[in-house]
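All of the numbers you see were taken from the coordinates with simple rules; none came from a lab. Everything numeric here is computed off the predicted structure, so don't read it as measured data. Please note: Cβ atoms are built from the backbone with ideal geometry, for glycine as well, and neighbour counts cover all protein chains shown.
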Amino acid sequence: MKKTFSAEKLSDMDAARLLKDSYDALRKEIGKIIVGQKIIVEQLLISLLARGHCLLIGVPGLAKTLLIKTLAQVLDLKFSRIQFTPDLMPSDITGTEIIEENTSTGTKSFKFVQGPVFANIVLADEINRTPPKTQAALLEAMQEHRVTAAGQTHNLQEPFFVLATQNPIEQEGTYPLPEAQLDRFMFNLWLDYPSKGEELEIVKSTTSLFNPTLNHVLSGEEVIFFQDLVRRVPVADLVIEFAVRLATNSRPKSEHAPQFINDWLNWGAGPRASQYLILGAKTRAILSGRHTPDIEDVKQMAGPVLRHRIVPNFNAEADGVSTIDIVERLVKDAT
């Protein structure tokens, strides 16, 4: 694969075919380490190519950290892992200024030492275990792709992709992300337990000397090229209207909100949901070898995009209705 791309040298049609081939190669390489989780791997790559960020939720032992580390390896990107703890400070993430002495002149000056957020793929492990002040430091970097320290702005290297994890059990002593901060994540992905057959394969491979060699598939420059390509994918007005209808119908008391939305939700999804539905649909289409998304692509994006953007009320809890139940019914009602 060429290391340098340009719109003049490569048509969008050829680039789309190249992306499809690269995607297949990525899945093959990741599959050397990660057993199963095909949908999760697909959604992670969709989020990366759409310039989004992901929140992964799953019980311990489901290889969340290993999956993210493997993704960074096959993409030949700089990887950084931050273990969030209650005593973590914002400067532990973004970096800090130190006093540096010039040995030749004896003068002293401040020097900025970059923190672990200065990487291409950042794993924010158990993000809900650190106070809101520290959470906000990372989320600001996610939104702006830059860090400000002592009045100086430091740009983060592109591509920049944050994958945060949460443990759905053991919630004592945690600081749940507020809805406004959850909205910064493109996808909320739930990792399920492996099937019996997958777990057999996991145990066999992880309790032996099996140590596969991973090959680099894409460089950072190539990832940025394909991210730009995704933005150029055309979308029919009908598909955009469906995505917007999904988001607006999720808002209680709105003009077109179904009755079950008024009964079960306190708050619905904002405009960012519509944007991510379309970006996700664009990416899914091109990874499937198609040159424009359809309504089915939007439907497939609805779960991970809307799950963390709607706020159920007490009535939904009393009726035993989950957020994903509401999203599925919303999709069915909008069709």
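By count of other Cβ within 10 Å, fewest leading, how are L49, L218 ordered?
Listed from fewest to most nearby Cβ atoms, that is L218, L49.
With springs only between Cα atoms under 10 Å apart, run a GNM on the chain and tell me which of S205, S47, S109 wobbles the most.
Comparing S205, S47, S109 in the GNM, the peak value goes to S109.
How far apart, in nm, are two points set 7 Å out from the Cα along the Cα-to-Cβ line at K196 and at R329?
In this crude label model, K196 to R329 measures out at 3.4 nm.
Most mobile of T96, T105, T70 per a Gaussian network model of the chain (Cα springs, under 10 Å)?
The residue with the greatest mean-square fluctuation here is T105.
Pull out the extension gain between N262 and D228, defined as 0.36 nm times the separation in residues minus the alpha carbon to alpha carbon distance; nm, one decimal.
Taking N262 through D228 to full extension adds about 8.4 nm, to one decimal.
Less than 15 Å apart at the alpha-carbon level, and either on another chain or at least 8 residues along: which aspartates and glutamates does that give for K111?
Counting by Cα, and skipping residues close in sequence, K111 has these aspartates and glutamates nearby: E97, E100, E101.
Fewest to most neighbouring Cβ within 10 Å: what's the order for M13, M142?
The order, fewest Cβ neighbours first, is M13, M142.
Post the alpha-carbon centroid distance, the stretch 37-106 to the stretch 294-330, in whole angstrom.
28
Taking amide H positions as placed 1.01 Å from N in the peptide plane, with prolines and chain starts having none, which residues 5 or more places from F84, or on another chain, fall under 5 Å of its amide H?
Answer set, sorted by chain and number: D125.
Average projected area of the Cα convex hull of the stretch 233-335, in nm²?
Value for the stretch 233-335: 6.0 nm².
Under a crude label model (7 Å from the Cα following the beta-carbon direction), how far is S91 from E255 in nanometres?
5.3
Starting from the 7 Å offset along Cα-to-Cβ, what nm value, one decimal, do you get for the label separation of V113 and V321?
Once both label points are built, they end up 5.3 nm from each other.
Is it possible to state the helix-based mean residue ellipticity at 222 nm for the chain, with each DSSP H run of 4+ residues giving -39500 (n - 2.57), the sum divided by total residues, to the nearest 500 deg cm²/dmol? What is it?
Result for the chain, helices only: -13500 deg cm²/dmol.
What is the Cα centroid distance between the stretch 114-135 and the stretch 214-266, reported in whole angstrom?
25
Can you tell me which lysines have their Cα less than 20 Å from the Cα of K38? Leave out same-chain residues fewer than eight positions away.
Counting by Cα, and skipping residues close in sequence, K38 has these lysines nearby: K20, K28, K64, K69, K196, K204, K282, K299.
Restrict the search to the stretch 134-170; then list the GluC sites (Glu not before Pro) that DSSP places in a loop and that have at most 15 other Cβ atoms within 10 Å of their Cβ.
Of the GluC sites (Glu not before Pro), the ones in loops of the stretch 134-170 whose Cβ has at most 15 other Cβ atoms within 10 Å are E170.
Exposed loop trypsin sites (Lys or Arg not before Pro) only (DSSP loop, at most 11 other Cβ atoms within 10 Å): please give the longest stretch of the chain free of them, not including the sites.
Longest gap between qualifying sites, sites excluded: 10-252.
With the cut-off at 33 Å, report for the chain the share of all Cα pairs above it, as a whole percent.
33
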